[in-house]
1. Which numbered condition trips up Leu72, out of (1) within 23 Å of Thr234 (Cα to Cα); (2) open to solvent by less than 50 Å² (accessible area, probe 1.4 Å); (3) hydrophobic (A, V, I, L, M, F, W, C)?
2. Go through (1) without any contact (Cβ under 8 Å) to a residue 60 or more places away in the chain; (2) of a type in the set (Ser, Thr, Tyr); (3) under 30 Å from Gly214 (Cα atoms) and name the single condition Ser157 misses.
3. Is it true that Thr80 is open to solvent by less than 40 Å² (accessible area, probe 1.4 Å), within 22 Å of Thr267 (Cα to Cα) and among the hydroxyl-bearing types (Ser, Thr, Tyr)?
4. For a quick check of your reading: which helices (runs of 4 or more DSSP H) sit entirely within the range 151-270 and have at least 2 residues that are among the polar types (S, T, N, Q)?
5. Tell me which residues, restricted to the range 164-212, are among the small types (Gly, Ala, Ser), open to solvent by less than 10 Å² (accessible area, probe 1.4 Å) and within 15 Å of Leu140 (Cα to Cα).
6. Among the residues of the range 250-260, is any surrounded by fewer than 22 Cβ atoms within 10 Å (Cβ to Cβ), of a type in the set (Val, Ile, Thr) and without any contact (Cβ under 8 Å) to a residue 60 or more places away in the chain?
7. Hey, any hits in the range 29-37 for a residue that's over 17 Å from Ser116 (Cα atoms), modelled with pLDDT under 95, out of contact with any helix residue (DSSP H, G or I) (no Cβ under 8 Å at 6 or more places or on another chain) and of a type outside the set (Phe, Trp, Tyr)?
8. Looking only at residues in the range 135-153 that are among the charged types (D, E, K, R) and modelled with pLDDT of 95 or more, which one is nearest to Leu248 (Cα to Cα)?
Amino acid sequence: MTAHLTTSISSRPPGHGAPGGSGRRRPLPPPALVVVAHGSRDPRALSTVRALLERVRALRPGLPVHLGHIELNEPLLTDTLAGLHARGTGRAVLVPLLFGRGHHVKQDIPGTAAVSPLRTRVAAPLGPHPLLVDALQARLTEAGWHTPADGATRRASAVVLAAAGSRDPESRADTARTAELLAQRLGVPVVPAYASAAAPTVPTVPEALRALAGRGRHRVAVASCFTAPGRFATECAAASPWITAAPLGTHPALARLLLHRYHQARTAPA
């Protein structure tokens, strides 16, 4: 029984579970948090995601935190949900480790959850959100970014927000909104761009860099809206004329954002 944020994950009243020995009902355990990663052939991706989940567990001791992949890596989401059911888990909140409302968030993850015997909710993706911007800004600062103080340097500066890419218009809108939020923080233009030519209306990272250079902006950094190292992050760094931020990885703001989306989905009205 699955819903995207809105359907109740329990038919019992909130705060009630099976009767205890005294006749009083024991509180239900919290739903399991299942972080849903895309999956990657790069072995660094799996190790990075596992380390991120350890950060989440450290923030919420006692909360069951599990990992499921859409493809390419084990455990697959289907296997994670089946394992939870076999161990007697009744409820789960699936939080996409993805940054916009693309096909995986709107189709693949809800479709997998719908055939699971667990009572589930699917949370919103991680972007756009101020905590995501916190992580992006911090990674840029670590790479050497400093917002210019003088006007001439500011007019020569910009940032390209590199994302994986999607043909879904809502996903493109989410990436654009994240770029707007980051621009407000940095005080310079931030141009959303894709690591692949997924949508004709969104430039690739090299195209965005060339367009900015044509407008006289030569002090251009690349912000990596990727979870972990991999092909996209490597290609974007190779195209960058200046500094490139590292993938978001295990940044504390990303761990807090996963928990925030979990609580949003868990407490959403039925």
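1. Against the list (1) within 23 Å of Thr234 (Cα to Cα); (2) open to solvent by less than 50 Å² (accessible area, probe 1.4 Å); (3) hydrophobic (A, V, I, L, M, F, W, C), Leu72 comes up short only on (2).
2. Evaluating Ser157 over (1) without any contact (Cβ under 8 Å) to a residue 60 or more places away in the chain; (2) of a type in the set (Ser, Thr, Tyr); (3) under 30 Å from Gly214 (Cα atoms) leaves (1) as the failure.
3. When the stated conditions are applied, Thr80 does not pass them.
4. Result: 169-186, 252-267.
5. If the condition is that a residue be among the small types (Gly, Ala, Ser), open to solvent by less than 10 Å² (accessible area, probe 1.4 Å) and within 15 Å of Leu140 (Cα to Cα), then Ala179 is the only one that fits.
6. no
7. yes
8. If we take residues in the range 135-153 being among the charged types (D, E, K, R) and modelled with pLDDT of 95 or more, then Arg139 is nearest to Leu248 (Cα to Cα).
The values are calculated or read from the model by the stated rules, or taken from the named source; none is laboratory data. Nothing here was measured: the structure is a model prediction, and the numbers come from that model. Every residue, glycine among them, receives a Cβ derived from its backbone with ideal geometry; neighbour counts consider all protein chains shown. The protein model used for the area step is the full one, side chains on, heavy atoms only, and it has no ligands, DNA or RNA in it. Shrake-Rupley method; radii C 1.70, N 1.55, O 1.52, S 1.80 Å.
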